[in-house]
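A short reminder: the numbers here are calculations on the coordinates, not readings from a lab. The model shown is predicted, which means the values in this text are computed figures rather than measured ones. Cβ atoms come from the backbone with ideal geometry, glycine included; neighbour counts cover every protein chain shown.
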Amino acid sequence: AALYRIDSWGAPYFAVNDSGNITVRPYGASTSAHQGIDLLKVVKKVSDPKSADGLGLQFPLIVRFPDVLKNRLESLQSAFELAIQAQGYESHYQGVYPVKCNQDRFVVEDVVKFGSPFRFGLEAGSKPELLLAMNCLCKGNPEAVLVCNGFKDAEYISLALLARKLALNTVIVLEQEEEVRLVIDISRKLSVRPVIGLRAKLRTKHSGHFGSTSGEKGKFGLTTNQILRVVKELHGSGMLDCLQLLHFHIGSQIPSTALLQDGVGEGAQIYSELVRLGANMKVIDIGGGLGIDYDGSKSGNSDLSVSYGLEEYASAVVNAIRVVCDRKSIKHPIICSESGRAIVSHHSILIFEAMGATALTIPAMNEINIPFVIEGLSEDARADYWNLSDAAMRHDNETCLFYADQLKQRCVEQFKEGTLGIEQLGAVDGLFDLVSKMIGGSEPARTYLVNLSIFTSIPDFWSIGQVFPIVPIHRLDERPVVKSVLSDLTCDSDGKIDKFIGGETSLPLHELDSGCGGGVYGRYYLGMFLGGAYEEALGGVHNLFGGPSVVTVLQSDGPQSFAVTRAMPGSSCGDILRAKQHEPELMFNTLKHRAEEFCRFDAGALSSSVAHSLHNMPYLQLASSCSLTAFNNSGF
Ligand code: PLP
C-alpha cells in the first residue's frame, strides 16, 4: 500500500485489508482502517456470470459508491458551516453542483437527493444540461439554486425564464454583454421577473493548466467596462433590482489558499462595488476550483496536487469575503460555490484487467556467443565492441553505455544494408539489454496490455497529461516485482500510460499468469481512482470502444457488507455502430446471407458468432466473461 501511496491520496475512503485487497470506506474515517467493502468481492460478484447472483458484466467497469458522494457533499457543507460559525459570518453557504463534471443521471439525482437538506443546487452550462437540471430539481429542495452559466441564445434564456415560472430558483448569469439585452426583452415578453447574475473576468490569474480561462485575457466573463455597461443597461430598463449575484471562476484545481484568497478577495471587491452602484446583491458565487490531491503530496505546485483540505478552503473563502464586506460595511452575502471535481471524483472507480505482459528475456553473459557476434561486424562496429569491453573492465558505466548504444545503432544500419544476419542482430540486442540492465541496475519497463481505451475512459491523460492513481485492487500483500507501463487496446500510439503519480515513469505491478485467467494468481484487476469528475463526461468512442459497464454499490448491514443496487452493461458493438449511423440488424442479415451462400454447413455457427460480437462490448473478452446476461436490452 505504501508503494502506491494509497494512504496519501486515498484517505479516508480507500485502504488495504488483511487479504491485500483495496477496501472502500464510504463514510470515510468513521469506519476502521481495515474494515470496509472489499472491492475485489464487488468486482467478482458483478462480473462472474457463474456465481449465484453474478451479473456477468464485462470490463472495463465503473463501480460507483453513492455513499462516498454523500460524504463528500456533507463534508463540504460542514466545512463551510464550521468556517461561517468560527468567523461570525452573518449569512450561509449554498452549494451548487456543476453537472458538466459528471452528467450521469444517477449522479445528478443523488447530488440533489443528498443535498436537499441544505438546499444544494445545480449549475448548467448548456441547453441540455439546463433541461436535465430543471428536471432533477423538480424533486429537490425548492430553495436550491439553479445557476445558468455558459454562452446563451434566445432559446437558452427562454428556457431559463420558463424554469423561473416553474418556481425553480433560477439565476441567469450573464457571460457575454449581449446577453443582457436578450434577457431584458425575453423576460418582458414572457412576463417573468428574472434573477440575474453576472460573471466577472478577474485579474487574478491561476497559472496552472486549468487556469487558462482565468485572468484578464480569459475566455469567459465580463470585463470591468462591460460590467459597468450592463449595470447601466439594467438601470435604464428598471431592472437593476434583478441583478443579485456575482459569479467568477478562478479555474479548476486552484493550487493554494493564497491564490484562492487573492481571487475571492478581488471578487468580493467587485461585489461590494455592485452594491454601491445600486444592484440588489445577495449572492457571491465563487465558481469551482476546489482541488483534489491526486498524488497525495499536498505540494500544491502542479495540476496534480493542492496544498489544502476542505476546511482550509472554506475558511480561506469565508475570510476573504468577510474582510472586504466588513471594511465596506456591507451585509455578508450568501456564499455559493460550484465544486464539481471535489464532489464527484472519489465516488467512482474504473476497474480494468491486465490481459498480458510483454516478456522480457535478457540473456546471461555466458549465453551470448561473442565470437559469433564479432564475426559479421564492420570495422567500426568491431571497434565499438572492443571499446565497450575496455570500459566494462574499468567499470566506466557511462562509456560502456555509450559504446553499447553506438554498437547497436551501427548493427541496425548494417542489417538495413543487408550485411548483418538477423541472428547476429538479435545477439547484439541481447548484449545491449544486458549492459543496460547491469549498468542501470534494473530491467527496462515491461508493457502490460490493459483491457481499456484510454481515449474513452481516461481522456484527460491523453489530452492534457493528467495523472490519476492507478493501483492493483488485490495482491497488495505481495511485493510487485515488475516495472511496467500500460498499453491500451486502441490502434493508436497515444494509447499508453507511462506517467504515474509521484512523477514515476513506470508502475510496479505483479507477475501475471501466463494466458491470464487460469493459474495460481487468476485474473489481475487494476483500479483507476479519483476519476469520477470529467473523465466519464469527456470520453469519446475512439476506435469504436464504447463506455464501460457501471454498477452502483451501497453499504448494507455492516461495514464490510454491500449490495449492488444498479447494474448497467456497457455499450455493445451494435450500440456503438448504431451511434455512427450503421445499422447492425442489416449488417447481421447481410453477413448471415453471405454465410448461407458461402459456408452452408457452418452458416448457423458463423451467424451466431456475428450476433455474439454485436451483442458484446468491444473490449477483449476472456472466455468466462462472455456472458449472454450482459446483453444490452436494446437488441444488439
Ligand atoms: N463552474 C464553472 C463556471 C466552471 O467552469 C467549472 C469548471 O471548470 C466548475 C464550476 C467546476 O470546477 P471544479 O471541477 O474545479 O470544481
Over the chain: helical MRE at 222 nm, DSSP H runs n ≥ 4 each giving -39500 (n - 2.57), nearest 500
-12000 deg cm²/dmol
Identify, among 332, 617, 487, the residue whose Cα sits farthest towards the positive end of the charge dipole of the chain, taking +1 on the Cβ of Lys and Arg and -1 on the Cβ of Asp and Glu, with the dipole about the Cα centre.
332
Filter the GluC sites (Glu not before Pro) in the range 54-154 to those in DSSP coil with at most 14 other Cβ atoms within 10 Å of their Cβ, and list the result.
90, 143
Could you give the size of the charge dipole of the range 365-440 about its Cα centre, using +1 on the Cβ of each K and R and -1 on the Cβ of each D and E, expressed in debye and rounded to the nearest 20?
100
Kirkwood Rh and Cα Rg combined as Rg/Rh, the range 89-145
0.98
Could you work out the mean projected area of the convex hull around the alpha carbons of the range 1-139, in square nanometres to one decimal?
11.8
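Can you give the alpha-carbon Rg of the range 390-529 over 2.2 N^0.38 Å, where N counts its residues?
Cα Rg divided by the expected 2.2 N^0.38 Å: 1.31.
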Counting only the backbone N, which residues of the range 308-327 are under 18 Å from the spot 7 Å out from the Cα of residue 92 toward its beta-carbon?
318
Cα shape, the range 100-241, gyration tensor, a/c 1.5 rule:
oblate
Expected sort for 546-556, 378-388 on mean C-beta neighbours within 10 Å, highest first, is 546-556, 378-388
If you build the convex hull over the alpha carbons only and average its shadow over all orientations, what do you get for the range 447-559? Give it in nm² to one decimal.
8.9
Work out the length of the dipole vector of the chain about its Cα centre, built from +1 on the beta-carbon of each Lys and Arg and -1 on the beta-carbon of each Asp and Glu, and round it to the nearest 20 debye.
2620
Rg to Rh quotient for the range 67-343, alpha carbon positions, Kirkwood Rh
0.94
I'd like the orientation of helix 379-393 relative to the chain: the angle between its Cα long axis and the longest Cα principal axis, in ° from 0 to 90, rounded to 10.
80
What do you get for the angle between helix 310-327 and the principal long axis of the chain? Use alpha-carbon atoms, 0 to 90 degrees, nearest ten.
30
Classify the range 404-458 from the C-alpha gyration tensor, please: rounded if a/c falls under 1.5, else prolate or oblate depending on whether a/b exceeds b/c.
oblate
Give the relative contact order (percent, whole number) for the chain; include only Cα pairs under 8 Å separated by 6+ residues.
16
Whole-number D in µm²/s for the range 365-440 (Stokes-Einstein; Kirkwood sum over Cα pairs; 20 °C, 1.002 mPa s)
176
Could you work out how far helix 66-86 tilts from the main Cα principal axis of the chain, as a 0 to 90 degree angle to the nearest 10?
50
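Could you list 9, 462 so that the one with the fewest beta carbons within 10 Å of its beta carbon is first and the one with the most is last?
Lowest count first: 462, 9.
Does the range 573-615 come out rounded, prolate or oblate, given a ≥ b ≥ c as the square roots of the eigenvalues of its C-alpha gyration tensor, rounded meaning a/c under 1.5 and, failing that, prolate meaning a/b above b/c?
oblate
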Cα-Cα longer than 18 Å, checked against 127/152; 152/580; 41/496; 100/152; 45/483; 205/232, kept in input order, equals 152/580; 41/496; 45/483; 205/232
What number in nm² do you get for the chain if you take the convex hull of its Cα atoms and divide its surface by four?
36.8
The range 424-438 and the range 390-414: distance between their alpha carbon centers, rounded to Å
10
Dipole magnitude of the range 21-137 about its Cα centre, charges +1 at Lys/Arg Cβ and -1 at Asp/Glu Cβ only, in debye to the nearest 20?
360
Just how far, in whole angstrom, is the range 256-319 from the range 57-119 if you go by their alpha carbon centroids?
18
Out of the trypsin sites (Lys or Arg not before Pro) in the range 46-142, which ones are loop residues according to DSSP with at most 15 other C-beta atoms within 10 Å?
50, 139
